[in-house]
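Asker: First, the structure itself, so that you have it in front of you.
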Amino acid sequence: MFSSYLQLGFEHIIDVQGLDHVLFILSLCLSANSKSLKYLLVLVTAFTIGHSITLAASAFNILKLSSSMVETAIPLTIIFSCLLNIYQELKNSSAKANYLLVLIFGFIHGMGFSNFFRSILGKEDSIVGPLFAFNIGVELAQAAIVSFVFVILLILSKIFKSLKWINISGSIIIIALTIHLILS
């Protein structure tokens, strides 16, 4: 059972149907390009914690929200994160994504999956094990994405003097993909 929920968590992040998570993680990678991999992994873990809290609240029937409201909010978190990246680069600002903001965005993204997660729990005796396994899978998938992108950014930083235009271009592409997701 543990491995099933672990796999489900991993697939939840890398699933093409769940591209919103990947786009958000990519926006975080761009925001943290000048920081360490450790900083970025801690930032992504804040996202997972928010996601986990929302899933737990949903599984315990503490939280029930309209799916249309959540489906509108999720792309807005991605767009906001990318706009923050662009602002940061154009203004040479240090206004990077912070842990609290990413945690809140994790709450929102977790709401998008909460109804499905509640339904797959079915008649489980306890949700603690499945929720733990699922979140470990989420974290592993996010760590894989972050590590891959971080290596690419590291290579690009050796080639280019500055990643400013890569970050701006990447953020614009993520915004365009997010708008495409909204419209499709």
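The values are calculated or read from the model by the stated rules, or taken from the named source; none is laboratory data. This structure is a prediction, so every number in the text was calculated from the model and none was measured. Don't worry about glycine lacking a Cβ; one is built from the backbone with ideal geometry, like all the others, and counts go over all protein chains shown. Ligands, DNA and RNA are excluded from the accessible area calculation, which covers all protein heavy atoms including side chains. Shrake-Rupley method; radii C 1.70, N 1.55, O 1.52, S 1.80 Å.
Asker: Report the charge-dipole magnitude of the chain in Debye, nearest 20, computed about the Cα centre from +1 at each Lys and Arg Cβ and -1 at each Asp and Glu Cβ.
Answerer: 640
Asker: Also: Could you work out the Rg to Rh ratio of the chain, with Rh taken as the Kirkwood radius (inverse of the mean 1/r over all Cα pairs)?
Answerer: Using Cα coordinates only, the ratio equals 0.99.
Asker: Could you let me know the centre-to-centre spacing of region 135-180 and region 6-33, using Cα atoms, in angstrom?
Answerer: Their Cα centres are 11 Å away from one another.
Asker: Compute the distance in nm between two label points, each set 7 Å from the Cα along the Cα-to-Cβ direction, one at LEU154 and one at LEU90.
Answerer: Roughly 3.2 nm, to one decimal.
Asker: Another question, if that's okay. Taking only protein heavy atoms and a 1.4 Å probe, what accessible area per residue, in Å², does region 72-184 have with all protein chains in place?
Answerer: About 54 Å² of surface per residue is accessible.
Asker: Something else now. How much length is gained if the chain between LEU181 and TRP165 is pulled fully straight, taking 0.36 nm per residue apart and subtracting their Cα-Cα distance, in nm to one decimal?
Answerer: 3.4 nm
Asker: Per DSSP helix of 4 or more residues, -39500 (n - 2.57); summed, then divided by the residues of the chain. What does that give at 222 nm, rounded to the nearest 500?
Answerer: -28000 deg cm²/dmol
Asker: If you roll a 1.4 Å probe over region 47-131 with all protein chains in place, what percent of the accessible area is carbon or sulfur?
Answerer: Working: 2880 of 4350 Å².
Its accessible area is 66 percent carbon and sulfur atoms.
Asker: Tell me, what are the semi-axes, in whole angstrom and largest first, of the equivalent ellipsoid of region 1-71 as set by the roots of 5 times the Cα gyration tensor eigenvalues?
Answerer: 24, 16, 14
Asker: Greater than 30 Å separation of Cα atoms is the criterion. Which listed pairs, LYS38/LYS64; LYS64/LYS123; LYS91/LYS158; LYS38/LYS91, meet it?
Answerer: Exceeds cut-off: LYS38/LYS64.
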